[in-house]
Amino acid sequence: MTARIRAFAGSDAEGVAELVAVCLRTVNSRDYPTETIERMCAYFVPDRFLRLAAQRQIFVAESDGEVIGTVSREGNKVFTMFVHPGHHGQGIGRRLMRHIEALAASDGFDHMETGASITAHDFYHRLGYVDVRTSETEFGLNYILRRRLAPGMAP
């Protein structure tokens with residue numbers, strides 16, 4: 001299975017929202033109560049992604065015409081990183097992250113920063129991110145992590 005990483009298009013909004021809901025309900029639900037998961041699902045709807053696309057660069061990983069991963073970036077900040085549970089362990093999340101890290105490095109940033117859920121915390125550690133602090137959000141505990149970028153990384 002080969003996934004292609006490409007820029008988000010407006011026609012992806014429904015697929016990205018569905019992907020996020022599947023991830024939240026099957027993976028994040030191990031770490032968060034149902035009420036919190038449902039509030040997150042209600043937040044990440046297609047219209048939300050269309051609005052976010054005007055502010056951030058959003059990317060999707062696609063395989064056979066299906067959106068199987070997504071990540072967004074604003075400057076050197078990472079947002080909304082999800083990979084379909086059926087595709088975990090295939091390097092898709094790593095590829096999405098390395099893609100936006102390379103873009104940030106080519107824009108002159110020396111580090112990336114992300115807020116991570118309890119569920120994603122270990123994933124970011126495996127990619128070389130280190131804890132900076134924690135914060136509380138409307139959805140609960142959030143880890144703030146950072147990773148230094150190598151100058152000249154290619155997208």
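Apply the Karplus curve 6.51 cos²θ - 1.76 cosθ + 1.60, θ = phi - 60°, to the phi angles in the range 121-134 and return the couplings in whole Hz, x for Gly and Pro.
Listing the rounded values in order: 3, 5, 4, 5, 4, 4, 8, x, 7, 10, 5, 10, 6, 10 Hz.
Which order do the peptides 82-92, 46-56 take when ranked by the mean count of other beta-carbon atoms within 10 Å per residue, highest first?
82-92, 46-56
Amide H of residue 78 versus every other amide H placed in the peptide plane: which residues, excluding those fewer than 5 positions away on the same chain, fall under 5 Å?
Sorted by chain and number, the residues that satisfy this are 113, 114, 115.
Just going by the charge dipole of the range 27-67, with Lys and Arg at +1 and Asp and Glu at -1 on Cβ, which of 29, 67, 57 is farthest out on the positive end?
After comparing all options, I get 57.
Within the chain, which whole H helices from DSSP have a Cα span along their axis of at least 18 Å and a mean Kyte-Doolittle hydropathy of 0.0 or more, if any?
13-26, 92-106
Using Cα pairs under 8 angstrom and six or more residues apart, how large is the relative contact order of the chain, in percent?
21 percent
Place a +1 charge on the Cβ of each Lys and Arg in the range 97-155 and a -1 charge on the Cβ of each Asp and Glu, then give the dipole magnitude about the Cα centre in debye, rounded to the nearest 20.
Result for the range 97-155 is approximately 220 debye, rounded to the nearest 20.
Could you order peptides 120-128, 67-75 by the average number of other Cβ atoms within 10 Å of their residues, highest first?
Sorting 120-128, 67-75 by mean packing, highest first, produces 67-75, 120-128.
Stokes-Einstein D for the chain at 10 °C, 1.306 mPa s, Kirkwood Rh over Cα pairs, in µm²/s?
101 µm²/s
Suppose each label sits 7 Å from its Cα in the direction of the beta carbon; what would the residue 31-residue 148 distance come out to in nanometres?
Distance between the two pseudo-spin positions: 2.6 nm.
Based on the Cβ-Cβ distance of residue 137 and residue 6, what FRET efficiency does E = 1/(1 + (r/R0)^6) give at R0 = 25 Å, to the nearest 0.05?
Calculated transfer efficiency: 0.30.
Could you tell me whether the range 76-124 comes out rounded, prolate or oblate from its Cα gyration tensor? Rule is a ≥ b ≥ c as square roots of the eigenvalues, rounded for a/c under 1.5, then prolate if a/b exceeds b/c, otherwise oblate.
In terms of gyration-tensor shape, oblate.
Treat every Asp and Glu Cβ in the range 42-155 as -1 and every Lys and Arg Cβ as +1, leave all other atoms uncharged, and give the resulting dipole magnitude about the Cα centre to the nearest 20 debye.
So the dipole magnitude of the range 42-155 works out to roughly 260 debye.
Computed from the coordinates by the stated procedures, all read-outs in this text should not be read as laboratory data. Please read all numbers here as calculations on a predicted model, not as lab measurements. Note: ideal-geometry Cβ built from the backbone for every residue, glycine included; neighbour counts use all protein chains shown.
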